[in-house]
Every structure is written in C-alpha cells, then in structure tokens.
Amino acid sequence: MRSFIYRGVRPLIFLLVLMAFAFSGTAYAQTDSVSTDDVEFTTIPTRADSIKAYQKKQDSIKKAEAAKATTAPAAEKKADSKQSLWQIFIAGFLGGFAAFLMPCVYPMLPLTVSFFTKKGGTRSKAIGQSALYGLSIIVIYVALGFIITLVFGPSALNGLATNGIFNFVFFLLLVIFGVSFLGAFEIQLPSSLANKMDENSDRGGLIGIFFMAATLVVVSFSCTGPIIGSVLVDAATKGERLAPAIVMLGFSLALALPFTIFAMFPSALKSMPKSGGWLNSVKVILGFLEIAFALKFLSNVDLAYHWDLIDREVFLSLWIAIGILMCLYLIGKIKFAHDSDLPHMSVPRTFITIALFAFTVYMIPGLWGAPLKSISAFLPPMSTQDFDISSGTGSAPAAAPATTIIKEKKYEEIFKRLPRVKGVDDWYDYDQAIEVAKQLKRPVLIDFTGWNCVNCRQMEANVLPKPEVLKRLQNDFVVVQLVIDDKTELPESEHFISNVDGKKVTQLGGKWLDLEMSKYDNNAQPYYVIINEKGEPLVKPHGVLPVEEFVKYLDSGIAAYKAQAQQ
C-alpha cells in the first residue's frame, strides 16, 4: 500500500548505492435451557415481544458495526507501524553500509580479520570469534538505541517531528556533521575512553572480544558519529517507540556483517579495493548530503512558524549549488584538506558524476515552477513559489467555489503557504467546514495534515491532483485541511485542557491534533475522515492510499452520505 511513498527518495538512494559500488462462541448460557422440574410451559409470543426481539437484534448489529469501526483503524495503524519500523531498519542498514566505507572503519577490516584468523588457530574457531565480535557490535549499538528511548521517552519521540526547537537543533546537528565530514574538524570521544577500551580488549575470552568491539565503536566515532546522528534523527521523527533501537539494529548489522563474512572467507579480501584517497572522497560526498538534508529540517521550522524565509526556489537553489559543488569535487576541480591528488578519473567515478550532474540539471526547472514529483516530498510546498509558470498539478478543470453564506475563510491568511491541490476549495476550520456542509448538503472530507508531513506531500503530488480524484473533491465534498503542527497561538479564551493527555492546548495545531486523537483515535498524518453535518464518520478513515483505492474510498463516503439522506 505504501510502496509509492518512497518515490521521493529513489534518486538519492540510487545515488548512494551507486557511489558505494563505485567506491567499493456460544451466545447463551446453558442454564437458561435447563428445566428444574417436569412441567413444560409454552410461551405464546405477543406483538410487544416481537418488537423487543427486533430492537435487540438491531442493537446487536449496531454494536458489531461499532466494534468493527473501532478495531479496524487500530489494526490498520498496527500494520502501518510494522511498515514504518521496516523502513526505519532499512534506513539504518543503509547508514551502516555508508559508515563501513568510512576511512576510520574500512582499513580496520583486514587487520581485524587477520587478527581472528591468527588467534583462532582453526578456521571454525576464527569464525566463532568473529561472529561474537560482530554480535558485540550489534549489542552495543542496540543498547545505545534503547538508552535513547528511555532518556527521551516515547511521548517525546512522538513530538519530535512537529517540534520547531527540535527541528532547528536537528538542522544544526546535521550541518555540524556535514562540516566535519568535509574536513573542518573531527568529532571524537575522549582518548582516555579509547585507551580504557583498548586495555580491556587484551583480556581473553568473551570479555576481550566484547571490548575489542567497543574499541572499534569508540575509535571510529569520528566517522560513524555523524552518520549515527543522522539516522537517529530520521528515526526519531518517525515517532515510533522502538525507532532508535530498530535503526541502531540496522546500522550495527550492516557494520558488523563484513567483519564476520570476511573472517569466514578471508581469501575474498584480495578482491576488495585497497584503502586510499577514495575513502576520503566517500566521506566528503556524505558531508555534502548531510548539509543538503539539513535544509529540510530548517524548512520545517520556517513553515510551522511562518518565518517565510526558505521559499521553494531558495531551497532548490541551495540544493542545486550543493549538487554543482559535488560534481566539481568528483572531477577534481576542488579539493579539501585531506584529499589526495586525482591524476585521472576512473570509469565508476565518471558514471557517478554523470548521474549527479543529471540530477542537478533535473532540479533547475523547479526554479520556475516545475513540480519535480520525484523529490516533491522534500521540498517546500509549491504555494511558497514566487515565480510559477506551470499550468498546475492537476489536469482536471478547476471548479468554481460553491456559493455559501460564509464568505471569509477562517485562518486563510495563516495557511496561504500551505501545500494545496489546484482546483480544490479548501477550508481550514472544523466548525466552519461543518457549517458549509450543512449549506451545500455535502459530506466533509477532513484532511489531517502537517507542514512537515512528507507522506502528505506525496499524496498532494501523486494522488489528490489526479482527474478522477480531483473531480470528486471539487463537486462532492467540503474539504477541510486541519494542520496538526501549526504553531499559531490560540486566543486565551480558546485554551483548553486535553482529555487525551491532560495537557493544556494553546496552539492551533495542538487543537486539531487533540481532535484527531480524541475523536478518531489516531495521531498520524495524512489521515482522511469522511463525516456528515453532525460530525459522524460515514466510513472507516484511511491514511495513505494509491489513486484507485482513494477513489473507492471517496465513492464509499458519497454513497454512505446519500443513503443517510434518504432515510
């Protein structure tokens, strides 16, 4: 169901993988039917009894439907959670693979394999010791992930994606990590800690192997630390309770596997590329990517707090500039402190440069409004574009707004930069949307969305503008966008205490998030709910859906609304 969510990251994943290869029941009780004597009684049902039986049957049906409506979203949320954890694991695994190619880790491979081969004596013993070494690496990193969860707590992790302060801190962290990879400085743990770990690694048995793994973790931190920070930031913003531990499991598994595998097959080391300047090139390219992704977190803060600084073309200009610098670096036109001379370009390096240059050229039309659907989830919304010569995101003709008594949309000025689908007459307040629905005799489609919601941008780029979807949104629904991470302060008279967590709600986004959690038992975005004029759900709510399924969902809501109207 979510396979299309990652279309936005395909070019970047392709580039990273290419770079890595190049560089390297019973309903009744029985007692009710047992007689206590030999006398049999015959009961003749009356009309009143028939009515009671009918009402009881209808009540049972309603309870069953209510139970189904309650459990279905929970089951769907559980399935979505499993998918999200798999995605987090894969992100961690890719990060661990990138860390393995760092100058602080890669040269350790032949030394470590040689150590276990000589110390073990026999091949089976060497394999067993290297497996314990790899397992120790995994245990250390996963334990770190659990510690992070315990320190911050699951509720804090859930709020990271929409918290402006955390997003700004993440931006600064990624910039620092990127600058360190470019060679400005190294992020290192205290040398005394490394020395202590090294001393303990001289012990024999399991303890010695464990401390050998711990020594690798500490000594290589200057290279792996920024990558660990990046994948942890990404995991934390997913809001999953186990996200830090899962991402560290993927990271450590990718880091530990090569040591174990090459200990099993030491002759394969001869086919591995030798250490050299290419390792620093991998580090520098990752530094550029860190800085590029840092801009996404700065954009999140800019949108949520309405700073209006990082428009879409500003964001694209910075990415294009970074892409050009990466190309110049790869062809040897610019060098950093720890780079060696590049006498000639290898064939793989040439192909990487071509792919990167093509991706940079692909972004240029976006400065004039090209949708750039493959990366639209990472970009600020099209509504922030100052100069847009595109013909629109949807091919269906725009419908004129339906006539209502309400002429002024509440919060319209606040959400003028909110991502929207051209041709859809959006509203931004729940009560106002209900009033409009009463006037127009239409159901309401609630779109729980967010400034920082990547999956929302994917739906707005790839699903909602499709003609078959757009036609229904224009003609059959009152569409209201409720932004759960907006930081606009509510008037003091509208402050309230949440029944969900007991906290005081003072911001507009918090109001809509509390509505989503308290009324629909969900806190993920996007989340689409179809209701009638009384605020009652007509069909089961849904999250991300492909085009065909979303059309069916809208049609089911329209049919349910019409069926209610005829009763």
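The values are calculated or read from the model by the stated rules, or taken from the named source; none is laboratory data. If you're wondering where the values come from, they're calculated on a predicted model, not measured in any experiment. All Cβ positions, glycine included, derive from the backbone under ideal geometry; neighbour counts span all protein chains shown. Just so you know, the surface numbers come from the protein's heavy atoms only, side chains and all, with ligands and any DNA or RNA stripped out. Shrake-Rupley method; radii C 1.70, N 1.55, O 1.52, S 1.80 Å.
Results, tabulated for the structure shown:
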quantity	calculated
Pair SER114, ILE90: separation of 7 Å Cα→Cβ label points (nm)	3.8 nm
Share of pairwise Cα separations in the range 506-567, more than 20 Å, in percent	35 percent
Descending Cα extents along the principal axes, the range 459-567, whole Å	41, 37, 21
Cβ-derived FRET efficiency at R0 22 Å, THR122 paired with LEU269, nearest 0.05	0.75
Two-site label geometry, LEU135 and GLU468: point separation in nm, points 7 Å out along Cα→Cβ	5.2 nm
Extension gain (nm, one decimal) between ILE324 and TYR305, 0.36 nm per residue minus Cα-Cα	3.8 nm
The range 303-396, accessible surface, carbon-and-sulfur percent (1.4 angstrom probe)	69 percent
At R0 = 41 Å, FRET efficiency that the Cβ-Cβ distance of ILE497 and PHE357 yields, to 0.05	0.15
Full-extension gain in nm, ILE331 to LEU367, via 0.36 nm per residue minus C-alpha separation	10.4 nm
Loop GluC sites (Glu not before Pro), the range 461-515 (other Cβ atoms within 10 Å of the site Cβ: 16 or fewer; DSSP)	none
The range 239-311 shape via C-alpha gyration tensor axes, a/c threshold 1.5	oblate
The range 440-503 versus the range 269-333: alpha-carbon centroid distance in Å	32 Å
Filtered trypsin sites (Lys or Arg not before Pro), the range 316-371: DSSP coil and at most 10 other beta carbons within 10 Å	LYS333
Linear extension gain, LEU172 paired with ALA560, 0.36 nm per residue minus alpha-carbon span	134.8 nm
Spin-label model distance (nm) - ILE414 vs HIS344, 7 Å beyond Cα toward Cβ	6.4 nm
Accessible area in square angstrom per residue, the range 280-337, 1.4 angstrom probe	35 Å²
For the range 422-567, accessible area per residue (1.4 Å probe, heavy atoms of protein chains only), Å²	40 Å²
